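One structure below.
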Amino acid sequence: MQQERHGRRGWVEWLLPVGAYLVLLAVLVVVACESFASASSSHVRAPAPFAGSEVLSGLARYDGGWYRLIARWGYRFHAPGRESPVAFFPGYPLAMRYVGRVVGDTAVAGMVLTALSGLGAAMAFWRWCRDRTSARAAATALLALLVYPYSYYLYGVVYADALFLLATLLAFWSVERDRPLAAGLLGAAATLTRPVGIAVVVGLAVRSLERRGALVRPRWLGLPTRVSLRRVRPRDAFVLLAVAGLAAYMWFLWRRFDDPLLFSHVERYWGHTPEPRTWLKADLVDEVTRRGDTFYVRNLVIQGLLAIGALLLVPRIGRRFGWGYAAYVLVVVGIPAVATSNFQGLGRYMLAAFPVVALVGEGLARLALPVRAMALTASTLALIWMMAGFARGLYLS
């Protein structure tokens, strides 16, 4: 009888992440379909047709077209001086290709893959929070992730972010349960999916050392200052297999195009150039001083502020959850924050910074219930508006 009650409690525990995600998925897909239908006759160009595109095209905009191209035809060409599919890592489009053999269409496969990955990420994040925070804080953090205004990329949109977040969460979950081989393989799936996957390698390595007591932290400073390898086991090195995804893609680019860093070189055509103008965000300054599209400029500033806020929280994340997570957030947010010319895309990239969301959830959980409810409701309304805008063709992040 006691075992039966324990099993029932275990089943009930998953009602919140599964139920909340599925409700939001249904609402946001309907919003996307209705918004695309209302905009289909306007000046906004619809994505290339696919099975069900008359209804679902709002979920397959922008980078979704590149992923569909790769899933169908692979990396068949590279045109110097132009945008090219090699900028997009192969993990997500490869998964689209195989899921497409089941559902019959690569675009629909991307939507299914994103939805399943989003659901899995919600469940994994819930479990991660429950292991570290109170039930109220975990529930608040979960809802904060699910209704974050830029989280529409977790709800069927043909982008790789949901799959990357799921692989990353599972990799850290494996490290916490002393399964370095599983952590390394799951980390490899993450580095095969997004160029910022190197953050997963760094985070897993630091967290593994931290769990083994190999990081030395003087009391007067609090930050790890040196590494003692005496407690590290040989099998702990398996977490470094996480770099295999990135290495495999670089090897492919070297064999196919004679340039293992081609993905990085091509990103300059999206405004990611390693030069002072990019680092100083001169393009953003130009947008602000030109006083052009007010909404566009405000969106850029908001994304920049979100990234700066996340980076400022890195020391607190280290003290609260561990320095492996702090290192992960520093790299996963810091790389795109430095590499983008105007902060565009940072709102989406912030989805990967799950320790930040957990910390925010803890802060919100301390507020009075009405205040907490108002904040989450406002975020939900913003999320719905953002999904509608994306489906109509607005380039939001």
Checklist entry - Checking R76 against (1) surrounded by fewer than 19 Cβ atoms within 10 Å (Cβ to Cβ); (2) part of a helix (DSSP H, G or I); (3) over 22 Å from the mean Cα position of the chain (by Cα), which test does it fail? => result (2)
Next on the checklist: Quick check on the range 155-205: of everything there that is crowded, with 24+ Cβ neighbours inside 10 Å and among the β-branched types (V, I, T), which residue is nearest to G322 (Cα to Cα)?
Outcome noted: V175
Next on the checklist: Tell me yes or no: at least one residue of the range 143-150 is touching a residue at least 60 places away in the same chain (Cβ under 8 Å), in a helix (DSSP H, G or I) and aromatic (F, W, Y).
Outcome noted: no
Checklist entry - Just wondering, is there one or more residues in the range 96-108 that are at pLDDT 95 or above, touching a helix residue (DSSP H, G or I) at 6+ places or on another chain (Cβ under 7 Å) and among the small types (G, A, S)? => result no
Checklist outcome for this item: Subset of the range 175-227, residues outside any helix (DSSP H, G or I), at pLDDT 95 or above and acidic (D, E), comes to none
Item to check | Filter pass, L306 being surrounded by 13 or more Cβ atoms within 10 Å (Cβ to Cβ), closer than 22 Å to V239 by Cα and either under 20 Å from the mean Cα position of the chain (by Cα) or at pLDDT below 90 (or both) | outcome: no
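The values are calculated or read from the model by the stated rules, or taken from the named source; none is laboratory data. It should be emphasised that the depicted structure is a prediction, and the values quoted were computed from it without experimental measurement. A quick note on method: Cβ atoms are made from the backbone with ideal geometry, for glycine too, and the neighbour counts reach across all protein chains shown.
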